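Before any comments, here is the structure.
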Amino acid sequence: MHYMNHTQVQKRMSTRLLKNYLAKLLFLLSTLFGLVVLAALIYRVVTQGVHWIDLDFLINRLSTDPKKAGILGAIAGTLWLMAVVAPITLIIGVGTAIYLEEYAKKGRFQRFIQINISNLSGVPSIVFGLLGLTVFVRGMELGAVILAGGLTMSLLVLPIVVVAAQEAICAVPQFLREASYGMGATKWQTILNIVIPAALPGILTGVILALSRAVGETAPLVVLGIPALLIPLPDGLFDKFTVLPLQIYYWTLDSALVAEYANLAGASIIVLLVILFLMNSLAILIRNKFQRRH
């Protein structure tokens with residue numbers, strides 16, 4: 001049997017320590033690079049747009065005059081879109097996860113569905129826009145309305161909710177299910193009263209991520225033909241609408257002709273970030289409340 005002498009042991013330890021130090025340094029530099037880029041972007045957006053944010057900017061409608069332009073219509077359209085996306089993704093996404101984890105037999109069919117759901121998470125968003133254009137806008141003849149946009153964005157973020165809900169359901173200890181069965185509960189009663197409440201924090205986390213992505217997406221709505229014109233405020237699912245990311249996109253393009261539009265885009269980005277922060281904060285509070293309860 002070969003034994004290493006003291007010098008060889010020291011040399012190997014030094015090599016491992018050096019590799020550990022280099023890896024830690026690499027990870028630190030990567031983190032700092034991301035933080036610096038993010039800080040630079042936020043600084044540029046805030047300095048460019050914060051002075052344009054006032055009450056008139058928030059309550060005025062779109063206008064060809066940059067000094068009179070507002071984002072009330074875009075905010076209303078964003079909220080209407082989320083009112084469609086949130087319940088659809090929650091019901092269908094959680095329902096799919098429950099079926100795959102609690103009811104579907106483990107086999108080729110279950111693996112086939114699982115692989116496809118995982119692959120859908122990496123499909124470019126513009127593909128979902130083309131699907132929505134074909135099925136909802138033209139096939140169902142809905143047009144570029146809130147319902148068509150909401151259904152399209154729901155398809156885009158459903159894989160996120162399904163995967164997150166599956167992981168949360170899998171994390172529920174098996175002995176809780178067995179205890180419920182031992183008390184005489186049926187499978188559905190066990191799922192409804194034991195599994196879902198225990199998995200709810202993880203499910204809500206997936207919903208948070210899904211809604212955050214839906215709020216910030218632009219490409220699918222551009223494909224659907226969602227306008228950024230001087231349209232009336234939406235008051236129903238079958239009204240035309242625009243959203244904040246789309247308005248930011250068009251104002252950024254128009255800034256090549258009128259410099260003030262760049263300031264409007266920066267102000268709109270700040271408002272969008274605030275809305276995302278409030279949505280995520282509310283959802284995190286709800287999630288933490290359920291975590292403490294269970």
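The values are calculated or read from the model by the stated rules, or taken from the named source; none is laboratory data. Predicted model only: the values in this text are computed from it and were never measured. FYI the Cβ positions are ideal-geometry reconstructions off the backbone, even for glycines, and counts take in every protein chain you see.
Brief remarks follow.
- Some residue of segment 179-186 being touching a residue at least 40 places away in the same chain (Cβ under 8 Å), in a helix (DSSP H, G or I) and either of a type outside the set (Phe, Trp, Tyr) or under 25 Å from Asn288 (Cβ atoms) (or both): no
- Filtered residues of segment 142-173 (kept if assigned to a helix (DSSP H, G or I), of a type in the set (Val, Ile, Thr) and farther than 21 Å from Leu120 by Cα): Ile146
- Any hit, segment 217-228, residues being surrounded by 16 or more Cβ atoms within 10 Å (Cβ to Cβ) and either within 20 Å of Thr96 (Cβ to Cβ) or basic (Lys, Arg) (or both): no
- Residue check, Pro234 at pLDDT below 90, within 15 Å of Leu79 (Cα to Cα) and either of a type in the set (Phe, Trp, Tyr) or surrounded by 15 or more Cβ atoms within 10 Å (Cβ to Cβ) (or both): yes
- Restricting Ala39, Ala69 to those that are touching a Leu at 6+ places or on another chain (Cβ under 7 Å) and either among the small types (Gly, Ala, Ser) or in a helix (DSSP H, G or I) (or both) reduces the list to Ala69.
- Looking across Arg61, Arg138, one residue alone is assigned by TED's automatic domain parsing to the domain that holds Tyr261 and modelled with pLDDT of 85 or more. It is Arg138.
- Checked against (1) surrounded by fewer than 20 Cβ atoms within 10 Å (Cβ to Cβ); (2) touching a residue at least 12 places away in the same chain (Cβ under 8 Å), Ala97 meets all criteria but (1).
- If you go through segment 236-294 and keep only what is over 28 Å from Ile203 (Cα atoms), part of a loop (DSSP other than H, G, I, E, B) and touching a strand residue (DSSP E or B) at 6+ places or on another chain (Cβ under 9 Å), you end up with Gly236, Phe238, Asp239, Phe241.
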